[in-house]
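Report on the structure given below.
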Amino acid sequence: MPQSIRAGSATRAAIFAPLDGAGRAELVLQRLTDAIVLGVLHDGERLPSEAELARQLGVATVTAREALEILRRNNLVHTKRGRDGGSFVTFTGGGATDLQDDRLLAWSRVQMRDLGVHYSAIAGLAAELAADRASAADISNLEHILDHTDAGTADAARRGQGTFRLEVAALSQSPRLVREELRLQAEFGSLLWLSLREPLRRERCKAVQRETVAALVAEDGARARQLTVSQITESIEWLIEAKAVLEQKGRSTMTGSTSSPVPTGAPA
């Protein structure tokens, strides 16, 4: 049985894991932006050097340099010279919603549905295998994590959901599933669980996590998989509706209307 994944180390490992499609500054930029907005990389934290960042992500140094330059222009990072210099995160949460909404608008509905299908296959299978392979100690650890997860804010709830999904993937005892879970969280986690900005959806998410643990205890793999897939599907549907709302608001602003529709999708 592989050791369970811990919140801090695993999430950070995902942030600095090698990129697919190496050589694209946009991928480096998006991953670091997500990590900063979600609070995985904290305000004032020193980032790896350009050379070390490039090595960890598997990209050219010039690619890492280009991404850091854009982060500086976006006021997410500042760079100091000298002995104690380096690039430091400079973000206290202001404007996070706008950044997240911009990313949502940039995604097509086809892309979001395809993401949902792919992630459902990975996370659903991991949950099914976990029901068959998790020990009593593993379940106890998962319950402990849930008991100590703060769901009071959107960012905390997203981190908690990410940790939960990573733990379940680890209990599948499949290194490949764990690696894919890490990759998907690093690339899309901040977008996928955007619905957790709503308090009622955070409560629903916590309830689904508890139901999933109960399915693991009962060794009911089909139920664990169904809960996981349904949650992801509901989150994708929320994203599609939220995108429509943002597009409508943009059109309303252009025409001078003050209407502001609100997403009413199923809880995620």
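The values are calculated or read from the model by the stated rules, or taken from the named source; none is laboratory data. All figures in this text were calculated on a predicted structure; none of them were measured in a lab. Ideal geometry is used to build each Cβ from the backbone, glycine not excepted, and the neighbour counts take in all protein chains shown.
When Pro267 is tested against the conditions (1) in a helix (DSSP H, G or I); (2) at pLDDT below 95; (3) closer than 23 Å to Tyr119 by Cα, the lone failure is (1).
Answer yes if at least one residue in the range 158-179 is surrounded by fewer than 19 Cβ atoms within 10 Å (Cβ to Cβ) and under 16 Å from the mean Cα position of the chain (by Cα), and no otherwise. Yes, the range 158-179 has at least one match. Whenever a residue of the range 70-85 is part of a strand (DSSP E or B), its partners that are among the hydroxyl-bearing types (Ser, Thr, Tyr), lying with C-beta atoms within less than 7 angstrom and at least six residues away or across chains, give the pairs Val77/Ser87; Val77/Thr90; His78/Thr90; Thr79/Ser87. Any residue that is of a type in the set (Ser, Thr, Tyr) and buried (at least 16 other Cβ atoms within 10 Å of the Cβ) - is there at least one of those in the range 103-119? Yes, there is a match, as at least one residue in the range 103-119 is of a type in the set (Ser, Thr, Tyr) and buried (at least 16 other Cβ atoms within 10 Å of the Cβ).
Just checking, does the range 97-120 include any residue being acidic (Asp, Glu), over 21 Å from the mean Cα position of the chain (by Cα) and over 30 Å from Ala214 (Cβ atoms)? Taking every residue of the range 97-120 in turn, none turns out to be acidic (Asp, Glu), over 21 Å from the mean Cα position of the chain (by Cα) and over 30 Å from Ala214 (Cβ atoms). Pairing residues of the range 182-197 that are of a type in the set (Gly, Ala, Ser) with residues that are modelled with pLDDT under 80 and not in a helix (DSSP H, G or I), at Cβ distances under 9 Å and at least 6 apart in sequence or on separate chains, gives Ala186/Phe16; Ala186/Ala17; Ala186/Leu19; Ser195/Pro263; Ser195/Gly265; Ser195/Pro267; Ser195/Ala268. Taking only the range 60-78 into account, find how many residues are modelled with pLDDT under 90 and in contact with a helix residue (DSSP H, G or I) (Cβ under 7 Å, 6 or more places away or on another chain). So the count comes out to 1.
Would you mind stating whether Ser190 is part of a helix (DSSP H, G or I), modelled with pLDDT under 95 and either surrounded by fewer than 17 Cβ atoms within 10 Å (Cβ to Cβ) or out of contact with any helix residue (DSSP H, G or I) (no Cβ under 7 Å at 6 or more places or on another chain) (or both)? When the stated conditions are applied, Ser190 does not pass them.
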